[in-house]
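Here's the structure we're looking at; comments come further down.
The values are calculated or read from the model by the stated rules, or taken from the named source; none is laboratory data. None of the values given here were measured: they were computed from a predicted structure. Heads up, the Cβs are rebuilt from the backbone with ideal geometry, glycines too, and the neighbour counts pull from every protein chain shown.
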């Protein structure tokens with residue numbers, strides 16, 4: 001009888017050890033999945049910045065991130081008031097519309113890593129100088145963009161033309177806000 005009781009105790013110990021090994025494997029598997037998710041996030045992380053290019057007489061938006069930036073909404077403001085187009089921006093700045101100027105769509109759009117989109121460009125330097133002087137302290141811009149994993153950020157720049165201030169321009173957000181149609185920038 002004694003041999004049978006000893007066998008049962010070893011069976012119980014083996015069952016406890018097996019359960020602990022299984023629990024440890026489950027924890028390691030969960031941690032590995034978490035680390036892999038973080039690595040995937042880093043591989044598809046977008047990062048938009050905007051600014052003027054004086055040599056090209058333009059304002060550009062650049063994706064400096066490692067993944068595509070899915071632009072969900074964009075707004076351009078003059079004196080804090082949302083504008084619907086570059087024509088409206090030029091009117092609000094009291095700049096006569098040039099016969100020819102280039103504009104590209106940022107809203108909606110997808111920017112691949114390293115892609116640069118010229119959102120407005122003036123062929124003549126004198127018009128660019130007038131625009132830059134008028135826009136420097138009056139024009140602002142918000143661009144809401146997401147990664148392919150639906151992580152979202154808001155690029156908010158109160159000075160897309162001229163020298164940048166040193167505050168953080170991109171902040172993470174839960175989701176892009178719904179903007180009334182009258183306030184959406186459609187370039």
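For the reader, a short list of remarks on this structure follows.
- Subset of the stretch 31-50 [assigned to a strand (DSSP E or B) and either at pLDDT 95 or above or buried (at least 19 other Cβ atoms within 10 Å of the Cβ) (or both)]: 48, 50
- Count - residues of the stretch 51-84 that are crowded, with 16+ Cβ neighbours inside 10 Å and more than 24 Å from residue 158 (Cβ to Cβ): 2
- Answer from 81, 97 - the residue that is in the same structural domain as residue 179 (by TED's automatic domain parsing), within 24 Å of residue 175 (Cα to Cα) and without any contact (Cβ under 8 Å) to a residue 24 or more places away in the chain: 81
- The stretch 151-177: number of residues that are outside any strand (DSSP E or B), surrounded by 10 or more Cβ atoms within 10 Å (Cβ to Cβ) and modelled with pLDDT of 90 or more: 4
- Among the residues of the stretch 98-118, at least one is farther than 20 Å from residue 52 by Cβ and more than 23 Å from the chain's Cα centre (by Cα).
- From the list 95, 106, 120, the lone residue that is part of a loop (DSSP other than H, G, I, E, B) and touching a helix residue (DSSP H, G or I) at 6+ places or on another chain (Cβ under 8 Å) is 95.
- Of all the listed residues (70, 59), the sole one being in the same structural domain as residue 151 (by TED's automatic domain parsing), part of a strand (DSSP E or B), modelled with pLDDT of 80 or more and closer than 16 Å to residue 147 by Cβ is 70.
- Residue in the stretch 127-144 that is farther than 22 Å from residue 68 by Cβ and part of a strand (DSSP E or B) present: yes
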